[in-house]
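The values are calculated or read from the model by the stated rules, or taken from the named source; none is laboratory data. All values derive from a computational prediction rather than experimental measurement. Every residue, glycine as well, gets a Cβ built from its backbone with ideal geometry; the counts of neighbours run over all protein chains shown.
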Amino acid sequence: MSLDTLKEQIIALEMGRSERRVLPLGLLAIDDALQGGLDLGAVHEFTGTAAALFAQLIVQRRGGTTFWLANARINEQYYPPALAQYGAKPEDFISLFLQNTQDLLSAAYEVLAAKAAGCVLIEVSRPLNQIQARKLQIAVQDTNTLGLIINADYARNSVQADEGLLGSTLTRWHVSVLDWNSKRTQLKLYLAKNRRGSPRHWIVEIDHATHHLHLAAISGERTLNPAQQGFGAQALRSHHA
Amino acid sequence: MHEANRMFVSALSRNAGNMGFTPGMSLADIRAAAPDMLYYDANPMKDAKCLRNLLRWASRFTPRVARGDGQNLYLDIAGASHLFGGVQTLLETIQNQLTAFGFTARLGLADSKAAAWGFAHYGKNQSNIRADTLQDTAKNLPVEALQMSHASTAFCRRLGLKTIEALRKLPRATLANRIGLDGLKRLDQFFGEQAEVTKFARHKERLIEEQQFPDPLATNAGVEAALEALLERLCQRLSVLQQGVRNARLLLERVDHDTIEFSIQLVRPSINKLMLLRLFSHHFETLDVGFGIERMVLMAEQTAPISARQMGLNDTTSNNHGELLDGLINRLSNMFGHQYVQRFSPADSHIPERAFSREFALYPSAPQSWITPFGKRPLRLLKKPVSVLLNDKIEPNMPETIFWHNRECHISLLSGPERIEPDWWRDDPDWRNGTRDYWWVKTDFGALLWLYRVCDQQKTQWFIHGLGS
């Protein structure tokens, strides 16, 4: 038995399932860091100004019916005609806007456990606590559904506030827009938390014509100089320590 | 009623009838005689519908109800009258209720359909004719009460045979030559000597299952078990009819005469007992059985044919998946209210917030293709546009800094403007400020904003309407 297979089996056992299944993002560097791709049957978290944009790309890759659960008080909402413009299929979205976080979470448990959805987008106005996130993870773990928690914070670009939070999600991504023109959008991806490896940075580009993701630059941890990079430096330091 | 350029009356009020007018007279004649007569266009469709409704109402007295020609309803009350306190009380009840509805009605009760008709039209109102008195009471009825053909009736009149009695006295052999076999048949039918076919209205099968409990159910578990039994019965009946439940309602009658009501809705008709049970049992969390439930009624309010789904050879997973999805939509719709579980469909409008519509996921419609708007649209639209300038600032040109999410940020222009005009035919409160010019800008902390400017005479305002990320 090769080491890789053994690793896979350990991961599957950790998650309480017989077999690990992943959604490759199609970019070798990122998929390697995640040991193959985003785990299905798991909850992932997205923060930052472009969280919704990146989550929408993952939804497109996953396909199937997407449940979009959001707190009705959140003013920013996915705009279906633009989803079509970004290459997604708005007709596959089923939305459920609820006033109350408790209702939202009970809906989320129901949807995550139902094995009917490809992705479940859960938009919350403030980060979930560890117990809430853990419950979501338990609900989803027997399925091939991808749980995506979006906690988009348009007012901040820093990741500092995220560092203290140790949710029960498998990964946490901080996504922001670096540059934008009519042909492409450049995103800064910071994988702030990664159960399958170490935190990483990438700069990726979305081609507006094809809606494909390309790697623009790898800023892996070895090339990163914490003194120069305020962005995520603290996390990296703590990782090395 | 119109007929070949002539208007004639099809029905008259009692007063008009008393004045000597009869249906079938031309309107012009009547108006000449009584110029202040009120008249309305006849609406046979509406009349028929009204009669149909009355027929349904009448089925509360007996399941065997039928519509005759014209404005006649027949009720076969054999074996039903004692439930309403006897024949006479029943007649009064029917009369009173019809009067309360605003109808003028005449009732006749007899052993044969023809006799009932005859007495209702030409006898005393509410006449209740028993079989042994029929011969006597029918003596003085006019021959019209027999509903013979017009020719036969007119013929009898001409011969001076004005009453049924007069006809009965004649020997049958000669009578057949006079009024025809048809007239003879009517006469026999009147006295119940010959059968008359009645086509009773067919009732839609009422999909109701109920159960009385001599010992009231005191626990939720008991209610659930009883509901399972009711569902089992209902689903069995439905499966025979090839129908599935779309809407169902459950009534729980408590010992203290309080009724608790639950209803469920389904995205696709179903006879899956466990699925229906699960939808109901979700409501049981809030159920208070009080001193116990003594009666349960389960109604399938709306049903639809079950579509047998084609199962591909290697396609079992996707089929199964569709069922899981339907089940999930059902559960969510029943947990939170079906109005909250929505799908999106494209709408034809250039106004950004009108370019899509929401529909209930519980009531799916055919998917339509999305037309890509001309300009770049924001991935995220703000439900309420946010003003980005401090109150007293008025900026005709694009501001360099805006105020958003409690902080100031510098912005740089990316593209624009795109001009969007409001719909002039619609008074939308959000668009009363008139034309908007939209720009894409980028803030210094990496957010893409869709800004618009509205100008009126006094001032120019800037708002954020969407986000590119």
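Can you run down the residue pairs with Cβ atoms below 9 Å, 6 or more apart or on separate chains, where the first is in region A:73-86 and among the small types (G, A, S) and the partner is assigned to a strand (DSSP E or B)?
A:A82/B:R380; A:A82/B:L381; A:A82/B:G466; A:A84/B:P346
For region B:317-418, please list each of the strands (runs of 3 or more DSSP E) lying entirely inside it that holds at least 1 residues being more than 30 Å from B:K442 (Cα to Cα).
Counting at least 1 such residues, we get B:341-346, B:356-360.
Suppose we keep only residues that are without any contact (Cβ under 8 Å) to a residue 12 or more places away in the chain and within 23 Å of A:Q56 (Cα to Cα) within region B:333-353. Which one would you say is farthest from the other protein chains (Cβ to nearest Cβ)?
B:A347
Would you point out the residue of region B:455-469, among those that are modelled with pLDDT under 85 and away from chain A (no Cβ under 14 Å), that is farthest from B:S387 (Cα to Cα)?
Selected residue: B:Q457.
Only residues that are within 7 Å of another protein chain (Cβ to nearest Cβ), under 20 Å from the mean Cα position of the chain (by Cα) and under 22 Å from B:W450 (Cα atoms): list them for region A:84-97, please.
Matches in region A:84-97: A:Y86, A:P90.
For residues that are surrounded by fewer than 23 Cβ atoms within 10 Å (Cβ to Cβ) and either away from chain A (no Cβ under 14 Å) or closer than 17 Å to A:A82 by Cα (or both), tally how many sit in region B:439-451.
2
Assuming B:P373 fulfils every condition listed in (1) modelled with pLDDT of 80 or more; (2) over 30 Å from B:V245 (Cβ atoms) apart from one, which condition is it?
Result: B:P373 passes all but (1).
If only one of A:N100, A:N75 is surrounded by fewer than 22 Cβ atoms within 10 Å (Cβ to Cβ), more than 7 Å from chain B (Cβ to nearest Cβ) and modelled with pLDDT under 90, which one is it?
A:N100 is the lone residue from the list that is surrounded by fewer than 22 Cβ atoms within 10 Å (Cβ to Cβ), more than 7 Å from chain B (Cβ to nearest Cβ) and modelled with pLDDT under 90.
Here's the yes/no breakdown for (1) touching a Leu at 6+ places or on another chain (Cβ under 6 Å); (2) farther than 26 Å from B:A66 by Cα:
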residue	(1), (2)
B:G108	no, no
B:F119	no, no
B:Q126	yes, no
B:Q135	no, no
B:A138	no, no
B:M148	no, no
B:R168	no, yes
B:I179	no, yes
B:G183	no, no
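Taking region B:376-404 as the search range and keeping residues that are at pLDDT below 80 and surrounded by 12 or more Cβ atoms within 10 Å (Cβ to Cβ), which one is farthest from the other protein chains (Cβ to nearest Cβ)?
Among residues in region B:376-404 that are at pLDDT below 80 and surrounded by 12 or more Cβ atoms within 10 Å (Cβ to Cβ), the one farthest from the other protein chains (Cβ to nearest Cβ) is B:E395.
State yes or no: is B:E224 among the acidic types (D, E) and over 36 Å from the mean Cα position of the chain (by Cα)?
No, not satisfied.
Could you tell me whether B:S369 is of a type in the set (G, A, S), loosely packed, with under 12 Cβ neighbours inside 10 Å, within 14 Å of another protein chain (Cβ to nearest Cβ) and more than 30 Å from B:I264 (Cα to Cα)?
So B:S369 fits the description; yes.
Residue pairs, Cβ under 7 Å, 6 or more apart or interchain, first in region B:184-203 and on the phi > 0 side of the Ramachandran plot, second among the aromatic types (F, W, Y). List them.
none
Take A:G64 and decide whether it is on the phi > 0 side of the Ramachandran plot and either out of contact with any Phe, Trp or Tyr (no Cβ under 9 Å at 6 or more places or on another chain) or surrounded by fewer than 21 Cβ atoms within 10 Å (Cβ to Cβ) (or both).
yes
So, restricting to helices (runs of 4 or more DSSP H) that lie completely within region A:15-130, which ones have at least 1 residues that are in contact with a Ser or Thr (Cβ under 7 Å, 6 or more places away or on another chain) and within 30 Å of B:R354 (Cβ to Cβ)?
A:51-62, A:80-85
Out of the residues in region A:137-158 that are at pLDDT below 90 and under 30 Å from B:W404 (Cβ atoms), state the one that is farthest from the other protein chains (Cβ to nearest Cβ).
Among those residues, the one meeting the criterion is A:N151.
May I ask you to say which residue of B:F403, B:F374, B:F445 is within 23 Å of A:A209 (Cα to Cα), of a type in the set (F, W, Y) and in contact with a strand residue (DSSP E or B) (Cβ under 9 Å, 6 or more places away or on another chain)?
Result of the check over B:F403, B:F374, B:F445: B:F374.
Taking region A:116-131, which residues are modelled with pLDDT under 90 and either surrounded by fewer than 18 Cβ atoms within 10 Å (Cβ to Cβ) or more than 11 Å from every other protein chain (Cβ to nearest Cβ) (or both)?
A:V124, A:S125, A:R126, A:P127, A:L128, A:N129, A:Q130, A:I131
Report yes if some residue within region B:382-393 is of a type in the set (K, R) and under 30 Å from B:D326 (Cα atoms); otherwise report no.
yes
Name, by its number, the condition in (1) buried (at least 20 other Cβ atoms within 10 Å of the Cβ); (2) out of contact with any helix residue (DSSP H, G or I) (no Cβ under 7 Å at 6 or more places or on another chain); (3) outside the structural domain of B:A166 (by TED's automatic domain parsing) that does not hold for B:K113.
Evaluating B:K113 over (1) buried (at least 20 other Cβ atoms within 10 Å of the Cβ); (2) out of contact with any helix residue (DSSP H, G or I) (no Cβ under 7 Å at 6 or more places or on another chain); (3) outside the structural domain of B:A166 (by TED's automatic domain parsing) leaves (3) as the failure.
Can you confirm whether B:T62 is assigned to a loop (DSSP other than H, G, I, E, B), of a type in the set (S, T, Y) and on the phi < 0 side of the Ramachandran plot?
Criteria met by B:T62.
Check whether at least one residue in region A:12-32 is among the hydrophobic types (A, V, I, L, M, F, W, C) and within 14 Å of chain B (Cβ to nearest Cβ), and report yes or no.
Within region A:12-32 (the criterion being among the hydrophobic types (A, V, I, L, M, F, W, C) and within 14 Å of chain B (Cβ to nearest Cβ)), the answer is no, since none of the residues qualifies.
Across region A:46-61, which residue is surrounded by the fewest Cβ atoms within 10 Å (Cβ to Cβ) among those that are more than 9 Å from chain B (Cβ to nearest Cβ) and modelled with pLDDT of 90 or more?
Result: A:R61.
Kindly list the number of the only condition in (1) in a strand (DSSP E or B); (2) among the aromatic types (F, W, Y); (3) out of contact with any Pro (no Cβ under 8 Å at 6 or more places or on another chain); (4) more than 24 Å from A:Q56 (Cα to Cα) that fails for B:W424.
Unmet for B:W424, out of (1) in a strand (DSSP E or B); (2) among the aromatic types (F, W, Y); (3) out of contact with any Pro (no Cβ under 8 Å at 6 or more places or on another chain); (4) more than 24 Å from A:Q56 (Cα to Cα): (1).
Scan region A:166-188 residue by residue and report those that are without any contact (Cβ under 8 Å) to a residue 40 or more places away in the chain and aromatic (F, W, Y).
A:W180
State whether the residues of region B:74-95 include one that is within 27 Å of B:D47 (Cβ to Cβ) and in a strand (DSSP E or B).
Yes, region B:74-95 contains a residue that is within 27 Å of B:D47 (Cβ to Cβ) and in a strand (DSSP E or B).
Among the numbered criteria (1) surrounded by fewer than 16 Cβ atoms within 10 Å (Cβ to Cβ); (2) among the polar types (S, T, N, Q); (3) assigned to a helix (DSSP H, G or I), which single criterion is violated by B:Q71?
Condition not satisfied by B:Q71: (3).
If I filter region B:122-142 for residues that are in a helix (DSSP H, G or I) and among the basic types (K, R), do I get at least one hit?
So far as region B:122-142 goes, yes, one or more of its residues are in a helix (DSSP H, G or I) and among the basic types (K, R).
Could you pull out every one of the helices (runs of 4 or more DSSP H) wholly within region B:143-228 that has 1 or more residues that are in contact with a His (Cβ under 8 Å, 6 or more places away or on another chain) and not acidic (D, E)?
Once the helices (runs of 4 or more DSSP H) in region B:143-228 are filtered for at least 1 residues that are in contact with a His (Cβ under 8 Å, 6 or more places away or on another chain) and not acidic (D, E), nothing remains.
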